[in-house]
There are 2 protein chains.
Amino acid sequence: MYTQIFGQMKKQLAQMDSWLMTAATYADAKKFDVDVFMTQRLAPDQFALARQVQIACDAAKLGAARITGKEAPSHADSEQTIAELRERIAATLTYLEGLTAADFGDVGERTVTQSRWEGKVMSTHDYLLEHVMPNFYFHSVHVYAILRHNGVGLGKRDYLGTLSKRDA
Amino acid sequence: MYTQIFGQMKKQLAQMDSWLMTAATYADAKKFDVDVFMTQRLAPDQFALARQVQIACDAAKLGAARITGKEAPSHADSEQTIAELRERIAATLTYLEGLTAADFGDVGERTVTQSRWEGKVMSTHDYLLEHVMPNFYFHSVHVYAILRHNGVGLGKRDYLGTLSKRDA
């Protein structure tokens, strides 16, 4: 299950990358700087697009690192441009691609903790389903929503990507 | 896995219900009709809040029905008020509560199809991870985002709900 759920997050990160490309095409057509999107947000006390992309990447990256125990690359959250956000997504995908089924092999028995949990732990299973995935989708859907709110032409197919349909 | 993933969707639907309650409290405090939220949206060509709630409910309900083969109750999408949307969420939860681990017992071998897939099928597994879950989160996060965009005071804890933390 872990491999498949992280596989789905990889797919979703690649879709996010495609939304940023679509945003760049839109900006070109409308003759504005695509990096204007970096600071767009849906509410004054919500994170802007750049931070939403960073956190979506980290939800997948740190989730995988905490579950597998395989150290993740550090990212400084210093991206200033859409192009740099796309590099961040690519670096996250490279890390996730490097994980194997064996890395997830015995994680079902393990627990996960974070410093702000004051000594409490979660099972890896609960952590994945209750924290990593909802958080990942929260921030990736906000990226999509910020772009749509600002006129970028995205639809459900751009969100879901290609489905594994086959002949009956 | 199916039981746990649908368990997580039930939890998330209950959180969505709490957001609507918070929206009602906010509307009362600001002295406007909470049902104004029904038609709010983030882009003119995106669904408004009411439809986002309906589709989030249906993503869970129809996903479970297609995967288990257990018929789901029909809903007319005729909700006119926030109170009626809350009933819709409750009805969806009642249906999902009625499913047992046994209902999901042998689904791993089955396939799922929809009329618009032109005869193609997906494995239940792929369908759940690539379609049901991303779609469910897409619409539920849009509900949250529409409310936040319109001033309702929600935060990440309202989104995630209580985590299954325990002593180490």
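Quick grid of which residues meet (1) within 14 Å of chain A (Cβ to nearest Cβ); (2) at pLDDT 95 or above:
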| site | (1), (2) |
| --- | --- |
| B:91 | no, yes |
| B:94 | no, yes |
| B:101 | no, no |
| B:114 | yes, no |
| B:139 | yes, yes |
| B:149 | yes, yes |
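Could you grab me the full set of residues in region A:34-66 that are farther than 13 Å from residue A:135 by Cβ and outside any helix (DSSP H, G or I)?
A:40, A:41, A:42, A:43, A:44, A:45, A:46, A:48
Restricting the search to region A:97-151, which residues are closer than 18 Å to residue A:13 by Cα, of a type in the set (Val, Ile, Thr) and touching a Phe, Trp or Tyr at 6+ places or on another chain (Cβ under 7 Å)?
If the condition is that a residue be closer than 18 Å to residue A:13 by Cα, of a type in the set (Val, Ile, Thr) and touching a Phe, Trp or Tyr at 6+ places or on another chain (Cβ under 7 Å), then A:141, A:143 are the ones that fit.
Keeping to region B:151-168, report how many residues are facing chain A (nearest Cβ under 7 Å) and among the small types (Gly, Ala, Ser).
2
Given the options B:56, B:83, B:65, B:43, name the one that is loosely packed, with under 14 Cβ neighbours inside 10 Å and among the aliphatic types (A, V, I, L, M).
B:83
Could you go through region A:3-13 and let me know if any residue there is surrounded by 20 or more Cβ atoms within 10 Å (Cβ to Cβ), among the basic types (Lys, Arg) and within 14 Å of chain B (Cβ to nearest Cβ).
no
Show the residue pairs meeting these rules: Cβ distance below 8 Å; 6+ apart or different chains; first residue within region A:139-168 and free of Cβ contacts under 8 Å to residues at least 40 places away in the same chain; second residue surrounded by 14 or more Cβ atoms within 10 Å (Cβ to Cβ) and of a type in the set (Asp, Glu).
A:163/B:126; A:163/B:130; A:164/B:126; A:164/B:130
Can you tell me which of (1) more than 25 Å from residue B:156 (Cβ to Cβ); (2) within 14 Å of chain A (Cβ to nearest Cβ) is the one residue B:59 doesn't meet?
With respect to (1) more than 25 Å from residue B:156 (Cβ to Cβ); (2) within 14 Å of chain A (Cβ to nearest Cβ), residue B:59 is out only on (1).
So which of B:33, B:45, B:17 is acidic (Asp, Glu) and within 14 Å of chain A (Cβ to nearest Cβ)?
Among B:33, B:45, B:17, only B:45 is acidic (Asp, Glu) and within 14 Å of chain A (Cβ to nearest Cβ).
Outside any helix (DSSP H, G or I), of a type outside the set (S, T, N, Q) and crowded, with 20+ Cβ neighbours inside 10 Å: does that describe residue A:20?
No.
Being under 14 Å from residue B:144 (Cα atoms) and either touching a Pro at 6+ places or on another chain (Cβ under 8 Å) or more than 8 Å from every other protein chain (Cβ to nearest Cβ) (or both) is the filter here, so list the residues in region A:126-137 that pass it.
Within region A:126-137, A:137 is the sole residue that qualifies.
The values are calculated or read from the model by the stated rules, or taken from the named source; none is laboratory data. All of these numbers come straight from a predicted model, not from anything done at the bench. Every residue, glycine among them, receives a Cβ derived from its backbone with ideal geometry; neighbour counts consider all protein chains shown.
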